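Have a look at the structure below, then the notes.
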Number of protein chains: 2
Amino acid sequence: MGRRERKKAQTRRALSEAALRLFGEHGYDGVTVAQIADEADVSIATLFAHVPDGKEALIFDDGAERHVWLVAALRDRPSGQPVLEALRRSMAARGPFTDDLPPELRRKRDLIVSTPALREYSRKLWIASEGALAEAIAAESGRDTSDMTVRALARYVLEIPELAGAEPDPLAALNAIFDLLASGWPESPEEA
Amino acid sequence: MGRRERKKAQTRRALSEAALRLFGEHGYDGVTVAQIADEADVSIATLFAHVPDGKEALIFDDGAERHVWLVAALRDRPSGQPVLEALRRSMAARGPFTDDLPPELRRKRDLIVSTPALREYSRKLWIASEGALAEAIAAESGRDTSDMTVRALARYVLEIPELAGAEPDPLAALNAIFDLLASGWPESPEEA
DNA sequence: CTCAGAAACTATAATCACTATAGATTCAGA
DNA sequence: TCTGAATCTATAGTGATTATAGTTTCTGAG
């Protein structure tokens, strides 16, 4: 990796860190992109060159195609394991569902969950993988990609982080939702 | 209804119609709020007084609480009819799923479906009813409102318009998705 | 009928995210 | 060592949205 790329990555990191710190101190809406650019010591134009998606994208890793590991988890699952089970396990290990994180990442996650604009953008990033996930599901389950059921399942799975992420017990919520997707809605609740 | 309210409604209608016409002619991004205000012969400040949610809200009915009829359909369903069946029927009769509409409304629907910003806003309006729908579902099915399953079902149902609305056959898509929600994801597709 | 206050409207100016342009600097590779 | 591309910069927009302060227009009480 040449010096040029290194400097670029450094600038990007400076922007992320400045944004995260300032958002934490004054709230997302209490910070302007100008302040962030200043703090990172770059021009506003440079800031936008690094985050074409805008202010919300500042604290997210770019190019982190979130579907890669999901699709991989699907393809590499133990033979005989149901598709949904593989997705459940894979998802449960991700950020919103474990507290096994450095405090820095935890603060970041809390900021995202509690800020509507950031939460929405996070959802957008997840949903962007819908096509890829749908293809993988179709391939693994012998269905057609154009099957609406496949697309709906992909979408519903990818929305679990937003839906369950803010719950008191996110992991329990995730499991409840996967159960719903796997077994469907029982007209009457099962008595324990 | 006094003259004041009548005039207010008239202004609101003028804004809607101006926006819809201009969006149709030049596309959503090809029209500025200033143009719309001009066309409706009001100031920009007035425009925003009528649509505090912003440009996207211009062509949507405000205060049209979309959950009212859904909740009603749930409460008034024939006894013995499953919750999901009532929701399916009620939803199937709505705008995105029937072509039984005046051409004006159809053009509006097509504009929404084909414009990302409008589509997103439409989804936001649907999702805003999540709490109300979750309460109704909980009440009708003897579950607790805090039950994650109930919240997830409400959310998933409310997202059907966005998910199925752009399909070649929206009604078939809607039915496929309701089947998925009712019966769950079958590990292997049923052979016909 | 009238008058006081609320509601709707207006012009104006500001803020803020974001884009476009053109030029300067810095690095990579031949 | 030179050329071109990538990065960065300043500057000047555009366009949505908000704030302010003042004007007009209804409404309802007295």
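The values are calculated or read from the model by the stated rules, or taken from the named source; none is laboratory data. Owing to the predicted nature of the structure, the values given are computational and were not obtained by experimental measurement. Backbone-built Cβ (ideal geometry, glycine too); neighbour counts: all protein chains shown.
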All positions within the stretch B:165-183 that are more than 7 Å from chain A (Cβ to nearest Cβ) and closer than 21 Å to residue A:178 by Cα: B:174, B:175, B:178, B:179
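Which one is farthest from residue A:181 (Cα to Cα) among residues in the stretch A:87-101 that are assigned to a loop (DSSP other than H, G, I, E, B) and in contact (Cβ under 8 Å) with a residue 12 or more places away in the chain?
A:98
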Could you go through the stretch B:158-166 and let me know if any residue there is within 27 Å of residue A:138 (Cα to Cα), part of a helix (DSSP H, G or I), within 17 Å of the chain's Cα centre (by Cα) and without any contact (Cβ under 8 Å) to a residue 40 or more places away in the chain. yes
When you go through (1) touching an Asp or Glu at 6+ places or on another chain (Cβ under 9 Å); (2) over 17 Å from residue A:154 (Cβ atoms); (3) within 9 Å of chain A (Cβ to nearest Cβ); (4) free of Cβ contacts under 8 Å to residues at least 24 places away in the same chain one by one for residue B:147, which number turns out not to apply? (1)
Could you check residue A:104 against (1) surrounded by fewer than 11 Cβ atoms within 10 Å (Cβ to Cβ); (2) in a loop (DSSP other than H, G, I, E, B); (3) away from DNA strand D (no atom under 16 Å from the Cβ) and say which number it fails? (2)
So how many residues does the stretch A:13-25 have that are more than 11 Å from DNA strand C (Cβ to nearest atom) and without any contact (Cβ under 8 Å) to a residue 40 or more places away in the chain? 6
Complete set of residues in the stretch A:129-144 that are closer than 13 Å to residue A:84 by Cα and either within 22 Å of the chain's Cα centre (by Cα) or free of Cβ contacts under 8 Å to residues at least 24 places away in the same chain (or both): A:133, A:134, A:136, A:137, A:138
Could you please find all residues in the stretch A:39-55 being within 11 Å of DNA strand C (Cβ to nearest atom) and of a type in the set (D, E, K, R)? A:53, A:55
Only one of (1) at pLDDT 95 or above; (2) touching a helix residue (DSSP H, G or I) at 6+ places or on another chain (Cβ under 7 Å) fails for residue A:143. Which number is that? (1)
Every residue from the stretch B:49-63 that is free of Cβ contacts under 8 Å to residues at least 24 places away in the same chain and either closer than 23 Å to residue B:171 by Cα or within 14 Å of chain A (Cβ to nearest Cβ) (or both): B:54
Only one of (1) away from every other protein chain (no Cβ under 14 Å); (2) more than 9 Å from DNA strand C (Cβ to nearest atom) fails for residue A:33. Which number is that? (2)
Quick test for you: out of B:141, B:90, pick the one residue that is more than 11 Å from chain A (Cβ to nearest Cβ), surrounded by 16 or more Cβ atoms within 10 Å (Cβ to Cβ) and over 25 Å from residue B:29 (Cβ atoms). B:90
Being over 10 Å from residue A:125 (Cα atoms) and modelled with pLDDT of 95 or more is the filter here, so list the residues in the stretch A:55-70 that pass it. A:55, A:56, A:58, A:59
Could you identify the single residue in A:74, A:84, A:22 that is more than 12 Å from DNA strand D (Cβ to nearest atom), at pLDDT 95 or above, in the same structural domain as residue A:132 (by TED's automatic domain parsing) and assigned to a helix (DSSP H, G or I)? A:84
Can you name the residue in the stretch A:34-78 that is basic (Lys, Arg), farther than 19 Å from residue A:24 by Cα and over 15 Å from the mean Cα position of the chain (by Cα) and is also surrounded by the fewest Cβ atoms within 10 Å (Cβ to Cβ) among such residues? A:75
